[in-house]
1. Could you list, in their original order, any pairs among Lys250/Lys286; Lys162/Lys320; Lys250/Lys291; Lys62/Lys291 whose Cα atoms are separated by more than 22 Å?
2. Treat each spin label as a single point 7 Å out from the Cα along the C-beta direction, and report the Gln228 to Leu276 distance in nm.
3. Given +1 on the Cβ of Lys and Arg, -1 on the Cβ of Asp and Glu, and no further charges, what dipole in debye does the chain carry about its Cα centre, rounded to the nearest 20?
4. Identify all aspartates and glutamates with a Cα-Cα distance to Lys171 below 15 Å; exclude those on the same chain that are fewer than 8 residues away in sequence.
5. Count charges around Met318 for me, please; just the other residues with Cβ under 13 Å from its Cβ, Lys/Arg as +1, Asp/Glu as -1.
6. What ranking, highest mean first, results for peptides 274-283, 238-247 when packing means the other Cβ atoms within 10 Å averaged over each residue?
7. Pull up all non-local amide H partners of Leu82: gap of 5 or more, or a different chain, and H-to-H distance under 5 Å with H placed in the peptide plane.
8. For a test of the definition: using alpha carbon positions, the gyration tensor, and the 1.5 limit on a/c, classify the stretch 217-305 as rounded, prolate or oblate.
Amino acid sequence: TLCFYVLYLYFPFDSVLFHPIVYLGRKLLLLYRVNRNVTGMNPISWEEFFSSNLAPKDLDCKKKSIELFCKKFSSSKTNVVLVTSGGTTVPLEHNTVRFVDNFSAGTRGSASAEYFLKAGYAVIFMHRHKSLEPFTRHFTGDEILDCLLIAEKDTIEVASMKVPKLLPVLKERREALDSGRLLMVPFTHLTEYLWLLRVSSEAMGALGSRAMLYLAAAVSDFYIPTDQMPEHKMQSSGSPPAISLHLVPKILRPLVAEWVPNAFVVSFKLETDPNLLVKKSQEALKNYKHKLVIANELHSRKSKVILVTSENHREIVMTKEELDAGLEIEHHIISELLSLHSLFISSN
Ligand code: PMT
């Protein structure tokens, strides 16, 4: 910054030398940033991230509905949970044709949201657009159409054999909607997710210890800064593009320390090497000072998780019988969380 300032004093805006100097300066800055990441130095701060990646256009509108939702429950006894679900995309172009994505389908988040609703919580379901959602997740592809039959005089009937599957889901959905306890907040890309996470956390601050954050979304650790993204679709006619991904600052840090310090924050830890799970989760608890990490390994995540606190860790493992009977691990996870959260509330 100092160099720029000195140069600017010598070559003001109207000087013909100014533009090449700015160009050179930007290249040097880019080189510095790339080098900073390559050499493993710290990523930019979360403040820098938010000031250089502007809020999405519809943020204000979503923020208002989140604030209203939290306000509605601030004077009641209903606990409120923010469930994040699905993967975040990282665009490669401003006019995005291509993006980097991850595997998450939103199974964990959408199932968990249902169990929280069943337990009487109000749920802000922040999910990747078009990923699995509570209730509809039970019917994939054209299964819902298979429940319907064309009857006489062009009317439609529900196939009686589908009623046992459809009815409980419809009842639970109706209950959640009629009581106004479900708010759907979609996102697609990483920046959108992080802005929404920030405004939701801040809005939940007023709920104190009755607020829970259940961060099950698969959040990208890498991104391309806006000033380094091409405006238009990358062309295949030139040389192959060199894409340099930068580190995203860990958002758990300001979330716990500044945005929602009194809430019960639960993060997830995903690894592909099971030996790293507990160690990495304990490190996260030490670094970010939240309450619980739920550790899972990619391939066994539907049958086994480890609940890690700063005091201890213990596994939840699904038995074969439970899996065969169609029971879901989220049922056990949420029932554990209900007890931990209620202890947390009473101790606060
Ligand atoms: O949707 P499914 O297919 O059912 O899969 C569920 C799941 C495996 C995605 C889910 O159970 C899970 O593990 N989600 C967290 C995945 C993840 O982002 O893990 P991580 O180890 O990269 O990050 C750990 C934590 O740091 C996360 O809670 C994340 O919210 C947080 N994070 C991540 C990146 C970032 N820049 N800042 C963060 O604070």
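What follows is calculated from the coordinates using simple rules that are stated; it is not laboratory data. Remember, predicted model here, so these are calculated numbers, not experimental data. In this analysis, Cβ positions are derived from the backbone assuming ideal geometry, glycine residues included, and neighbour counts consider all displayed protein chains.
1. Numbers: Lys250/Lys286 14 Å; Lys162/Lys320 26 Å; Lys250/Lys291 16 Å; Lys62/Lys291 27 Å.
In this structure, Lys162/Lys320; Lys62/Lys291 exceed 22 Å between Cα atoms.
2. A separation of 2.2 nm, rounded to one decimal place.
3. In debye, rounded to 20, the chain gives about 720.
4. Within the straight-line cut-off, Lys171 pairs with Glu114.
5. Values: positive: Arg301, Lys302, Lys304, Lys320; negative: Glu315, Glu321, Glu322, Asp324, Glu328, Glu330.
Net charge in that neighbourhood comes out at -2.
6. Numbers: 274-283: 16.0, 238-247: 11.4.
Listed from highest to lowest mean packing, they are 274-283, 238-247.
7. So Leu82 has HN proximity to Ile124, Met212, Leu213, Tyr214.
8. Details: a/c = 3.14, a/b = 1.68, b/c = 1.87.
Oblate.
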